[in-house]
Amino acid sequence: MFYSRKNIDRVKEIITDIMLVVEITLPRGLATDDHMHQIQDLLNWGGLMLVDRRWPGQESEVREFQADHYCALHAYSRIVKRKREGKTHGYTGTAEELNVLRDVCWQIAELLREGMEHSPLRTLKEFLAAKQIVEEDHARREALGIPHGVQETDKDRVGRLMRQKHFNKKEKRNDN
């Protein structure tokens, strides 16, 4: 499958825009619901990428990143939960939460930019698979109060999703 330079660059711009939200908008308490969904998508995309790809010779680095990724998902969830519970006016995080989100999102963004250069089809399929997993598991995760990430997704499920030709198209939900 061929992706034009223009389309590859556009996806990379979207990733950069999300990083600007993580770096500037969120720490200032100015993130919108849409911004938070974008951050969630980036975190989930990175989580699925780690489940889907093989990293020969980098197993210890992958385990370390997975632990950091899990912390970032929980930091994200705490920020969202405080706003939903009315404890904060906007999406605000502690310094520790913002730092872990910044670090993990930066690492994910770098991997995704590289993925868009070397394997755009696979990289975009990982995004669509992550979106499908989150949509399918939304109610279960909400009931259990766990983050909406893909950290516990098994490799067989990811493999099945990556082989499918079409992905579920869900209506955008309003999580306010």
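For the reader, a short list of remarks on this structure follows.
- Stretch gain in nm, segment ALA95-ARG122, where the contour uses 0.36 nm per residue and the Cα spacing is subtracted: 6.3 nm
- Accessible surface of region 15-65 [probe 1.4 Å, protein heavy atoms]: carbon and sulfur percent: 52 percent
- Residues whose amide H lies under 5 Å from that of TYR91, counting only those 5 or more places away or on a different chain, are ALA31; hydrogens are built 1.01 Å from N in the peptide plane.
- For region 60-77, 3J(HN,Hα) computed residue by residue from phi via the Karplus equation (6.51, -1.76, 1.60; θ = phi - 60°) reads 5, 5, 5, 4, 5, 5, 4, 5, 5, 4, 4, 4, 5, 4, 5, 4, 4, 4 Hz, glycine and proline entered as x.
- Phi-based couplings in Hz for region 95-103 (Karplus 6.51, -1.76, 1.60; Gly and Pro marked x): 4, 5, 4, 5, 5, 5, 4, 4, 5
- Among 40-49, 107-116, the peptide with the highest mean count of other Cβ atoms within 10 Å heads the list, and the full ranking is 40-49, 107-116.
- In Hz, Karplus ³J(HN,Hα) per residue of region 18-33 (6.51, -1.76, 1.60; θ = phi - 60°; x = Gly, Pro): 5, 5, 5, 5, 5, 7, 10, 6, 4, x, 8, x, 10, 5, 8, 4
- Using the Cβ of THR25 as centre and a radius below 15 Å, the other residues enclosed give a net charge of -2, where K and R count +1 and D and E count -1.
- Cα gyration tensor shape for region 29-135, rounded if a/c is under 1.5, else prolate or oblate: prolate
- Part-to-part distance (alpha-carbon centres) for region 1-29 and region 102-140, which is given in Å: 12 Å
- Selected from HIS74, LEU43, LEU121, residue furthest toward positive end of dipole (region 26-121; charges at beta carbon): HIS74
The values are calculated or read from the model by the stated rules, or taken from the named source; none is laboratory data. Predicted, not measured: the structure shown is a model, and the values here were computed from it. We place every Cβ from the backbone using ideal geometry, glycine too, and count neighbours over all the protein chains shown. Quick note on the areas: whole protein, heavy atoms, side chains included, nothing else; ligands and nucleic acids left out. Shrake-Rupley method; radii C 1.70, N 1.55, O 1.52, S 1.80 Å.
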